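Trainee: Would you mind keeping the following structure in view while I ask a few things?
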Amino acid sequence: MSSSLPGSREMPASRYDLSTYWGRVKHSADISDPRTLFTSNASLENAKNLITRYKEGTIPTMSPELWQAKKIVDSTLHPDTGLPVFLPFRMSSFVLSNLVVTAGMLTPNLTTFGTIGWQIANQSLNVAINFSNANKSTPMATSSIIQSYFLAVGASCGVAVGLNSLVPRLRGLSPSTRTLLGRLVPFAAVASAGALNVFLMRGEEIRQGIYVYPAESETARLKREAAGLPLEPLGKSKKAATIAVAETAVSRVLNSSPIMVIPPLVLVQLQQTEWLQARPRLVLPINLGLILTTSLFALPLALAAFPQRQAVRATSLEKEFWEVGGEGGMVEFNRGI
């Protein structure tokens, strides 16, 4: 992100009002825009150069070109490391990377082997995305990553296989209701294991804490920038890390809910029509289309549930931060995505 580039002058966080939900939705749509995946290395370097010049004071004001540069950088670089996030694991690639895996999990009448295979594929992708976009102020050991991965895979497979075996035994329900519940089993597995995955993959943050920074007034920020000073962290907070990881887990569930619920419910209704029954080969492309359309709308709505640059009262964190909060007694931290 632009915050990781050189220069003491901070860029505006967004062209939209991030204090409002819909402002964050528009901002999230920017950073998850799949079109940024086609940015060339030369375009990325040009965008970084423009932002660096702004942060160093060479460019005085924001312009449409600068906003586009910020969009490219924010959707490509990690805010802590300043390095490009591996392309398939960027949030701008989230919809495309998840499309095939989600379609596989939502395939009707999967065998137990198929269910386990697609859940493993989904959790593998989740681990990669969570790790790639986590707050990097607290690195995670390779052994912890491996352990977390197997725990998440075990949880998702256990929920999916367990519910798949339970639904047919619900004799008191009509066949259509059992079919409907069977289509929703992947949602239960993905939602529960997805939240667990976030906590497991980012558990080191909770154990060691993440950096928090004093909130600044506009006057204080301009004064610091004029002196050429960077914004220094106040220290690491475990409570801030807990908030960051919990909010990220909730946003992942909010994202998976419509994707794993709406397409199978719509597909069940369509499969009861004579038109689709006469054209069974269209089931797969229709399923993919439903998943893609739902994903494109669901992702920015879920990402916007909580600000990425989170601000909380210093008194809500450890006692060491109570007296060192910034503007209004607030501190800030990078939540991660």
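Trainee: Could you count how many residues in region 70-86 are β-branched (V, I, T), open to solvent by 40 Å² or more (accessible area, probe 1.4 Å) and under 15 Å from N41 (Cβ atoms)?
Mentor: 0
Trainee: Give the number of residues within region 84-106 that are in contact (Cβ under 8 Å) with a residue 60 or more places away in the chain and more than 14 Å from the chain's Cα centre (by Cα).
Mentor: Of the residues in region 84-106, 5 are in contact (Cβ under 8 Å) with a residue 60 or more places away in the chain and more than 14 Å from the chain's Cα centre (by Cα).
Trainee: Now for a separate question. Which one is least open to solvent (accessible area, probe 1.4 Å), of the residues in region 327-337 that are touching a Lys or Arg at 6+ places or on another chain (Cβ under 9 Å) and of a type in the set (A, V, I, L, M)?
Mentor: Among residues in region 327-337 that are touching a Lys or Arg at 6+ places or on another chain (Cβ under 9 Å) and of a type in the set (A, V, I, L, M), the one least open to solvent (accessible area, probe 1.4 Å) is V331.
Trainee: Please work out if Q208 is closer than 27 Å to W322 by Cβ, in contact with a helix residue (DSSP H, G or I) (Cβ under 8 Å, 6 or more places away or on another chain) and open to solvent by 80 Å² or more (accessible area, probe 1.4 Å).
Mentor: Spelling it out, Q208 is indeed closer than 27 Å to W322 by Cβ, in contact with a helix residue (DSSP H, G or I) (Cβ under 8 Å, 6 or more places away or on another chain) and open to solvent by 80 Å² or more (accessible area, probe 1.4 Å).
Trainee: Next up: Only residues that are of a type in the set (S, T, N, Q) and within 27 Å of R224 (Cα to Cα): list them for region 41-74, please.
Mentor: If the condition is that a residue be of a type in the set (S, T, N, Q) and within 27 Å of R224 (Cα to Cα), then N46, N49, T52, T58, T61, S63, Q68 are the ones that fit.
Yes or no, residue by residue, for (1) in contact with a strand residue (DSSP E or B) (Cβ under 6 Å, 6 or more places away or on another chain); (2) at pLDDT 90 or above:
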site: R224; (1), (2): no, no
site: P263; (1), (2): no, no
site: L267; (1), (2): no, no
site: A278; (1), (2): no, no
site: L282; (1), (2): no, no
site: S316; (1), (2): no, yes
site: V331; (1), (2): yes, yes
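Trainee: I would also like to ask the following. Please pick out the residue among V25, V73 that is within 15 Å of the chain's Cα centre (by Cα) and within 29 Å of N122 (Cα to Cα).
Mentor: Residue meeting the stated conditions: V25.
Trainee: Every residue in region 87-115 that is assigned to a loop (DSSP other than H, G, I, E, B) and crowded, with 21+ Cβ neighbours inside 10 Å, please.
Mentor: Within region 87-115, R90, L106 meet the criteria.
Trainee: A further question follows. Going by the conditions given, is L265 closer than 30 Å to V101 by Cβ, touching a residue at least 40 places away in the same chain (Cβ under 8 Å) and not acidic (D, E)?
Mentor: yes
Trainee: Looking only at region 268-326, filter to residues that are part of a loop (DSSP other than H, G, I, E, B) and among the aromatic types (F, W, Y); which one of those is surrounded by the fewest Cβ atoms within 10 Å (Cβ to Cβ)?
Mentor: W322
Trainee: Considering each residue of region 28-59, count those that are over 17 Å from the mean Cα position of the chain (by Cα), of a type outside the set (A, V, I, L, M) and part of a helix (DSSP H, G or I), and give that number.
Mentor: 12
Trainee: Determine whether T248 is among the hydroxyl-bearing types (S, T, Y), without any contact (Cβ under 8 Å) to a residue 12 or more places away in the chain and open to solvent by less than 60 Å² (accessible area, probe 1.4 Å).
Mentor: Here the answer is no, as T248 does not meet what is asked.
Trainee: Let me ask something else about it. Against the conditions (1) open to solvent by 50 Å² or more (accessible area, probe 1.4 Å); (2) touching a residue at least 12 places away in the same chain (Cβ under 8 Å), where does F150 fall short? Just the number, please.
Mentor: For F150, the exception is condition (2).
Trainee: For region 221-240, state whether one or more residues are open to solvent by 30 Å² or more (accessible area, probe 1.4 Å), over 24 Å from Q308 (Cβ atoms) and within 20 Å of the chain's Cα centre (by Cα).
Mentor: No.
The values are calculated or read from the model by the stated rules, or taken from the named source; none is laboratory data. Computed from a prediction, not measured in an experiment: that's the story for all the values here. Positions of Cβ are backbone-derived with ideal geometry, glycine not excepted, and every protein chain shown enters the neighbour counts. Protein only, heavy atoms only, side chains kept; ligands, DNA and RNA dropped before computing areas. Shrake-Rupley method; radii C 1.70, N 1.55, O 1.52, S 1.80 Å.
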